[in-house]
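What follows is a set of notes on a single structure, which appears directly below.
The values are calculated or read from the model by the stated rules, or taken from the named source; none is laboratory data. Just so it is clear, the structure is predicted and the values come from calculations on it, not from any experiment. Because the Cβ atoms are built from the backbone with ideal geometry, glycine has one as well, and the counts that use them run over all protein chains shown. Quick note on the areas: whole protein, heavy atoms, side chains included, nothing else; ligands and nucleic acids left out. Shrake-Rupley method; radii C 1.70, N 1.55, O 1.52, S 1.80 Å.
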Amino acid sequence: MKIKVDNLSVLSAPFRTPFKFGSAVIDSLLVPVVRLRLTTPDGEGIGEGSMPLGNAWSYPGIPYEVSLSLMEQLTEQLRVAIDGLEGPDDIWAMSALLRETAMAQAKQLQASHVEMPVHMPDLCTLVTLSPWDIALFDAWGRAKGANTYDLLRRESAEGVGRDIKGFRLAPLDQVLSEKPSDKLAIYHVVGGLDPLTPGEVTKSAGDDLPDDLQGWMQRDGLTHFKIKLQGKDPEWDYQRVAAVDAAVCEQAGREGRAENGLVFSLDLNEQCPSGHVLADLLKRLKADQPRAFNRVAFVEQPTSRAFSGSPNEQVGEAAKLKPVVIDEGLVDTEALGRALENGYNGICLKTCKGFGFSIQMAAIAKAHDLFLCVQDLTCPGVSFLESASLAARVGVDGLEANARQFCPAANEDAARLHPDAMKLVGGSVLATGLTGPGLGIY
């Protein structure tokens with residue numbers, strides 16, 4: 001196979017309201033959009049991929065503007081390094097070659113910035129690479145004149161079916177569904193400062209979108225909620241889960257709909273002091289807020305992504321109560337192995353780590369009976385459709401989609417492409433239209 005870069009552009013996705021990251025006030029996301037041409041023995045295909053430069057999430061510890069600049073520089077280096085890249089006539093080998101290329105380019109970039117107190121993390125490199133890898137799999141399907149997921153199901157023995165450093169991978173016809181899910185519930189992000197009721201709103205955003213959680217429920221028929229917690233303050237976290245539960249039940253009752261369809265996920269953003277603190281929180285919820293506890297589907301990475309070996313990173317006790325999924329820490333199978341040793345029993349897929357990597361992790365989850373979920377990286381527009389297409393094929397019931405909350409204007413083009421996949425009805429979107437050539441988006 002040979003890759004030719006047709007185009008690289010960087011779009012701006014404006015935030016609904018400015019965000020403050022440390023000392024920086026951010027009013028938009030930068031979203032590289034990659035268009036590449038893939039030549040294969042079966043023909044030529046043009047693929048596209050996009051993903052925001054999520055530097056605050058993938059490269060913490062340095063000023064926002066600095067990490068963003070480094071990701072922009074790495075994006076340009078990848079454009080040069082990938083243009084003309086040749087590799088084996090095997091999609092998995094080609095995806096691995098892209099990853100190797102990106103890691104090498106990141107090392108070169110780091111060598112030119114020895115003054116940086118924090119080296120560029122592998123997670124940051126994967127996020128920067130992800131639109132290229134997504135475009136690769138899109139182009140591969142188009143070169144064969146077929147949907148990429150259908151091809152992967154038929155050709156699952158081509159590489160991904162082999163073990164990867166001790167992990168079995170289930171055959172992809174057992175991992176990927178024959179057709180996309182009819183509906184995907186959308187996890188609405190409930191931030192720590194977000195008003196839950198109209199009475200809590202102190203300042204309106206001044207647009208036509210809701211300012212409080214109950215307003216969002218009324219607008220979109222929401223059923224799934226991602227609750228952001230502090231981690232370091234278990235009392236606050238307990239009270240917040242209870243308050244969210246009360247607010248959503250009140251609104252559901254007001255609308256005359258059943259409460260038993262309401263679902264929570266808990267995101268502690270790596271801030272939990274120990275797995276024991278998380279276990280105590282879950283036990284308290286189970287004893288004193290059983291309705292809220294029963295709604296919790298899973299907990300996202302509660303402790304540090306570093307997996308340093310500290311006993312505080314052990315989450316096995318909590319994982320007996322609810323699935324605990326690896327998120328920020330999942331960059332390779334070595335990290336996954338350390339997470340499982342620490343008691344984690346679930347995997348969070350994100351297309352921002354690469355399409356091929358996500359499929360491999362889904363195959364590992366299936367083979368090892370691990371809980372699976374799909375989240376996003378404030379993915380606007382087409383990058384959300386890329387995430388939705390994955391979620392619709394790996395058997396999860398919903399996915400995060402917070403760009404509709406934070407940068408809705410950037411969704412307009414994607415809404416024209418696939419209106420059913422971008423508009424919430426009863427808290428869900430329809431992914432049935434994502435079946436065309438490649439990843440089914442264009």
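Among 359-367, 263-271, 207-215, what's the highest-first ranking by average C-beta atoms within 10 angstrom per residue?
Those peptides, ordered most packed to least, come out 359-367, 263-271, 207-215.
Heads up, I need the accessible area for SER50: 1.4 angstrom probe, whole protein in place, Å², nearest 10.
10
Between GLU76, GLU115, GLU300, where does the largest GNM mean-square fluctuation fall for the chain, given springs only between Cα atoms within less than 10 Å?
Looking only at GLU76, GLU115, GLU300, the biggest GNM fluctuation is shown by GLU115.
How far apart, in nm, are the 7 Å Cα→Cβ label points at ASP173 and GLU65?
5.6
For ALA367, project a label point 7 Å along Cα to C-beta. Then give me every residue of the range 309-333 with its amide nitrogen under 13 Å of that point.
333
Kindly identify the chain as rounded, prolate or oblate by the Cα gyration tensor criterion: order the square roots of the eigenvalues as a ≥ b ≥ c, call it rounded if a/c is under 1.5, otherwise compare a/b with b/c, prolate if a/b is larger, else oblate.
Rounded.
Leaving ligands and nucleic acids out of the surface, order HIS418, HIS119 by accessible area at 1.4 Å, largest first.
Listed by decreasing accessible area, they come as HIS119, HIS418.
Indicate the gyration tensor shape class of the range 7-146 (rounded, prolate or oblate), computed on the Cα atoms with a ≥ b ≥ c the square roots of the eigenvalues: a/c under 1.5 is rounded; otherwise a/b larger than b/c is prolate and the rest oblate.
oblate
Any chance you could run the full-extension gain for VAL425 through ARG154? It's 0.36 nm times the residue separation minus the Cα-Cα distance, nm to one decimal.
Extra length from VAL425 to ARG154 when fully extended: 94.3 nm.
Measure nothing fancy, just the Cα-based angle from helix 234-255's long axis to the longest principal axis of the chain, in degrees from 0 to 90, nearest 10.
90
Leaving out ligands, DNA and RNA but keeping every protein chain, what accessible area does GLU386 have, in Å² rounded to the nearest 10, with a 1.4 Å probe?
Roughly 0 Å² of GLU386 is accessible to a 1.4 Å probe.
With a Förster radius of 30 Å, plug the Cβ-Cβ distance of SER9 and THR39 into 1/(1 + (r/R0)^6) and report the FRET value to the nearest 0.05.
0.85
Gain in length, LEU209 to ASP288, computed as 0.36 nm per residue apart minus the alpha-carbon separation, to one decimal in nm? Don't jump to the answer; show the numbers that get you there.
Numbers: separation 79, 0.36 × 79 = 28.44 nm, distance 3.42 nm.
Difference between extended and current length: 25.0 nm.
Which order do THR39, THR202 take by accessible area at a 1.4 Å probe, largest first?
Listed by decreasing accessible area, they come as THR202, THR39.
Add -39500 (n - 2.57) for each DSSP H run of 4 or more in the chain, then divide by its residues: what number comes out at 222 nm, to the nearest 500 deg cm²/dmol? Before the final figure, lay out each step's value.
Values: 17 runs with 180 residues, N = 442.
The helix contribution divided over the chain gives -12000 deg cm²/dmol.
Going by amide H atoms built from the backbone, whose H comes under 5 Å of the H on ALA146, apart from near neighbours?
GLY438
Any chance you could look up the accessible area of SER12 with a 1.4 Å probe, heavy atoms only, rounded to 10 Å²?
70
Please tell me the relative contact order of the chain in percent, rounded to the nearest whole number, where contacts are Cα pairs under 8 Å and at least six residues apart.
19
Determine the order of LEU399, LEU85 by accessible area, beginning with the largest, at a probe radius of 1.4 Å. Could you put the intermediate results ahead of the total?
On the way: LEU399 0, LEU85 30 Å².
Result, largest first: LEU85, LEU399.
How many nm separate the modelled label positions at ARG219 and ASP280, each set 7 Å beyond the Cα in the direction of the Cβ?
Here the modelled spin labels are 3.8 nm apart.
Report relative contact order for the range 215-308 in percent, whole number only (criteria: Cα-Cα under 8 Å, sequence separation at least 6). If you can, show how the numbers build up before the last one.
Working: 123 pairs, mean separation 32.4, N = 94.
Across the range 215-308, relative contact order equals 34 percent.
Could you run the Karplus curve 6.51 cos²θ - 1.76 cosθ + 1.60 with θ = phi - 60° over the range 385-399 and give me ³J(HN,Hα) per residue in whole Hz, x for Gly and Pro?
Rounded to whole hertz, the list is 4, 4, 5, 5, 5, 5, 4, 6, 10, 9, x, 8, 8, x, 7.
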